[in-house]
1. Express the relative contact order of the chain as a whole percentage, based on alpha carbon pairs under 8 Å and six or more residues apart in sequence.
2. Per-residue accessible area for His17 at 1.4 Å probe radius, Å² rounded to 10?
3. Measure off, as a whole percent, the carbon and sulfur share of the 1.4 Å-probe accessible area of segment 62-141, all protein chains present.
4. Given the DSSP H assignment, sum -39500 (n - 2.57) over each helix run of at least 4 residues in the chain and divide by its residue total; what's the result at 222 nm in deg cm²/dmol, nearest 500?
5. How far, in nm, would the chain grow between Gln33 and Lys18 when pulled straight, counting 0.36 nm per residue and subtracting the alpha carbon separation?
6. Give the Debye-formula value of log10 I(q)/I(0) at each listed q (0.12, 0.22, 0.30 Å⁻¹), with one equal scatterer per alpha carbon of segment 72-133, two decimals each.
7. Send over a whole-number figure in Å² for the accessible area per residue of the chain, probe 1.4 Å.
8. Given R₀ = 25 Å, what would the calculated FRET efficiency be for Ser11 paired with Glu113, taking r from the Cβ atoms and rounding to 0.05?
Amino acid sequence: MNRPSLEELNSLRDECHKIACEHGFERKQHSEQHAMCLVISELMEAVEADRKDRHANLKSFNESLNGFTCEQAFEGYVKDTVEDEIADAAIRILSYCGKEDLPLVNISERLNEAYFQERGNSSVFAEYRQMSFTEAMYSIVEDICYSTPQTVLYHLFLRAHWMGFDLMEHIKLKMEYNRTREYMHGKRY
């Protein structure tokens, strides 16, 4: 499990918010409900990607960097995949936490605890791990409605780990791609 440090998370939070501001997403004050609804929309895009069996191919992405731009490689092998959409959800949460200056203090510690419980064959996460993808996304949507953005982010990192991909890597790839996109990414909000 890639367990990001507190410093990495806070840096990522600030960078996500900065990119969102540069691209016009923070030109208006939006409520937490607005921000979290957009997180839910990203999770539903992840469900659609899963239904189509669309998963990122980082090996092909890296190989294609020899002949294509990063943007072209990303669009060919990463964009609109399950991993990409979960990264989008995490980026939206990180950006919101940056806007509101919400601390990410305990996420790193909780991920470390989860790792050690898992290594000790604890059954603490057994039921959660065995959920189907749609059930897991529904559970995260429930977190959005009844918990904190930080808890949702923690669960996204756990789900990515259980799915076998590095969420930090996908967040960084998507942020790099987002830097190249047009203002508001062609959207109204």
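1. Averaging sequence separation for qualifying contacts and normalising by length gives 35 percent for the chain.
2. Accessible area of His17: about 40 Å².
3. The value for segment 62-141 is 46 percent carbon and sulfur by accessible area.
4. Only helices count here, giving -22000 deg cm²/dmol.
5. Separation in residues times 0.36 nm, less the Cα-Cα distance, equals 3.4 nm.
6. Scattering profile of segment 72-133, log10 relative to I(0): -0.52, -1.00, -1.09.
7. 53
8. Using R0 = 25 Å, I get an efficiency of 0.70.
The values are calculated or read from the model by the stated rules, or taken from the named source; none is laboratory data. Quantities reported herein were computed from a predicted structural model and do not represent experimental measurements. All Cβ positions, glycine included, derive from the backbone under ideal geometry; neighbour counts span all protein chains shown. Surface accessibility is based on the protein's heavy atoms, side chains included, excluding ligands, DNA and RNA. Shrake-Rupley method; radii C 1.70, N 1.55, O 1.52, S 1.80 Å.
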